[in-house]
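Asks: Got a structure here, written out as structure tokens. Questions coming.
Derivation of every value follows stated rules applied to the coordinates shown; laboratory data play no part. Treat the numbers as computed from the prediction; the structure is a model and nothing was measured. Backbone-built Cβ (ideal geometry, glycine too); neighbour counts: all protein chains shown.
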Amino acid sequence: MIITEQKSGEDLFALLGSARRVVLLGCSECATICKTGGTEQLLEFEKKLKTRGLEVSARCVLNPACNAQVVKKALKGIREELAGADAIVSFSCGDGTQTVAKLVGQMEHTFHIPVYPGNDTLFLGETTRAGEYVEACRACGRCELGWTGGICPVTCCAKGLLNGPCGGAKGRQCEVNADEECVWLRICDRLAAIGQLDNLLEIRPPRDYLKNVHPRRHVLESRRSADRLKEARAKEGQDAK
Amino acid sequence: MSMLSEVLKIDRFAVTAEFAPPKGTDMDHMRVCVRLAKGRIHAANVTDFQSAVMRISSLTACKVVMDEGVEPVIQITGRDRNRIAIQGELLSAGVLGIKNLLAVTGDHPKMGDHPNAMPVYDLDSVGILQVATTFMSGRDLEGNSLNGRIEFFPGAAVSPTRQTMMPQIMKMRKKITAGARFFQTQAVFDLDLLREFRRLTTPFDVPVLAGIVLLKSAGMARFMNRAIPGVEIPEGIIARMDRFVGKERMNEGIRLAGEMIRTIRDENLADGVHIMAIGAEERLGQILDEAGL
């Protein structure tokens, strides 16, 4: 799940500047679970806007905000409300907000409207209990969990080390963040339990950052072959002419 | 070859001392301290942005050490530079004729005076040792050939504690595979722990310098126990320091350091010592006098 935190009211009002009429967009997935972009949060923010004399011309929880096709359809559905809006605030993750911003910029009836993020995107994480989230994956592009007993050092070591502990553990706690146990000690314990302690003796090479040239893109093979087929048919059609 | 490597090769008890480059461009105090230590230590080990505090880099301070006629050990951490900058720094060290290298991962920026800085860690201590090893074969990390020969005596740190002994020793073995030819430990105060560490690491046949920190007060000892990873100062030592006040505390710290060095040498608990006077480098001579070195 993508963990988000709502920006402060002050930050948001600073972004909105002199806007008077605002459209609020949320997201039905991660942001709803994190209580940053569900119906409830949009209503709360609407209340704040109203006390400052701003008007909310539409409110919509996108299902979800990171799907371009879904967002396009939703924006068409509130076409009239958007027409008179000075700003859109998107209460989703940075991904959802960019999907919204891109489509808003592409559509004739909305391209002049600025889109502002209502949330700060924090990390990819798991829900440990209701209302508490812990970072679990850095989406680094090469999963190391196979040799670490299922515990990620890229995410859970403050230095992201791959070759074992740095010596910065006080007792079993990480010196960088005393609330966290040194992940390498956890990995050692887990590897010992599954009889794979020798995994720690293998030197791990530096990470390959060529895999992380931003922005990354991923296309499924089924998508590629469908594209190839389409291309071939178009060419056939041209040749026939 | 470096003098440090020669000394360790012939099984002479090696002595290195740590020098932290200043914050600012005035090198006078460091020069004076290095001059005082000249002839009494085999190498001056120069930290690299120690404790993640911005200051003069190890490379430049090593040059100053050499100008004073003392052999340097250059420290390189992985915290601030990516693999391009680390390799460039080591090539530069080669140009200056610096042979001894201590590869360390480095304290997190959060611990230093620029806590908002980006932590790099593109290479860790193992990766830095691999750079030194590949350089000596005439290649860089990508296998490209290098102009001119370069020779290093690479070393690394190890932090033996009771709770992390096994993982520390596993990492030590990895560092040896990556090219470490000597080790220096985190500050040792518990000689029983050092005995156990010696027993476990003797089979590796790589020399170890025991880390000696000059205690200046019982308060400093308590602070180190509370805040410094890998440091375990026994209560007996703290009680001993507690008996002294004023200037006598420092003198007792010097006596303690001297006694520890003597025991380490007499019982062969390490192949040498690495003395960290932490701001009292002008007292190095007194520590060595106490140790009978």
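Asks: Suppose we keep only residues that are within 27 Å of B:LEU209 (Cβ to Cβ) and assigned to a loop (DSSP other than H, G, I, E, B) within segment B:97-119. Which one would you say is farthest from the other protein chains (Cβ to nearest Cβ)?
Replies: Filtering segment B:97-119 for residues that are within 27 Å of B:LEU209 (Cβ to Cβ) and assigned to a loop (DSSP other than H, G, I, E, B), the one farthest from the other protein chains (Cβ to nearest Cβ) comes out as B:GLY97.
Asks: Can you run down the residue pairs with Cβ atoms below 8 Å, 6 or more apart or on separate chains, where the first is in segment B:77-106 and without any contact (Cβ under 8 Å) to a residue 40 or more places away in the chain and the partner is among the hydroxyl-bearing types (Ser, Thr, Tyr) and in a helix (DSSP H, G or I)?
Replies: B:THR105/B:SER125
Asks: Tell me yes or no: at least one residue of segment A:172-189 is outside any helix (DSSP H, G or I), acidic (Asp, Glu) and facing chain B (nearest Cβ under 8 Å).
Replies: yes
Asks: Follow-up. Among the numbered criteria (1) of a type in the set (A, V, I, L, M, F, W, C); (2) in contact (Cβ under 8 Å) with a residue 12 or more places away in the chain; (3) closer than 30 Å to B:GLY258 by Cα, which one does B:PHE223 miss?
Replies: B:PHE223 satisfies every listed condition except (2).
Asks: Still on this structure: Determine, yes or no, whether B:MET54 is in contact (Cβ under 8 Å) with a residue 40 or more places away in the chain and loosely packed, with under 15 Cβ neighbours inside 10 Å.
Replies: In short, yes.
Asks: Let me ask something else. Which numbered condition in (1) surrounded by fewer than 21 Cβ atoms within 10 Å (Cβ to Cβ); (2) closer than 17 Å to B:LEU215 by Cβ is the only one that B:ILE264 fails?
Replies: Looking at each condition in turn, B:ILE264 falls short on (1).
Asks: Listed residues A:CYS143, A:CYS157, A:CYS152, A:CYS137; which is within 14 Å of chain B (Cβ to nearest Cβ) and touching a strand residue (DSSP E or B) at 6+ places or on another chain (Cβ under 9 Å)?
Replies: Exactly one residue qualifies, and that residue is A:CYS157.
Asks: Further question on the same structure: Could you list, in sequence order, all residues of segment A:190-205 that are assigned to a helix (DSSP H, G or I) and either under 21 Å from B:VAL231 (Cβ atoms) or within 7 Å of another protein chain (Cβ to nearest Cβ) (or both)?
Replies: A:LEU200, A:LEU201
Asks: Would you pick out the residues in segment B:138-160 that are within 8 Å of chain A (Cβ to nearest Cβ) and closer than 30 Å to B:ARG240 by Cα?
Replies: B:ALA157, B:VAL158, B:SER159
Asks: Out of everything in segment B:169-187 that is touching a strand residue (DSSP E or B) at 6+ places or on another chain (Cβ under 9 Å) and within 7 Å of chain A (Cβ to nearest Cβ), what residue ends up being surrounded by the most Cβ atoms within 10 Å (Cβ to Cβ)?
Replies: The residue in question is B:LYS171.
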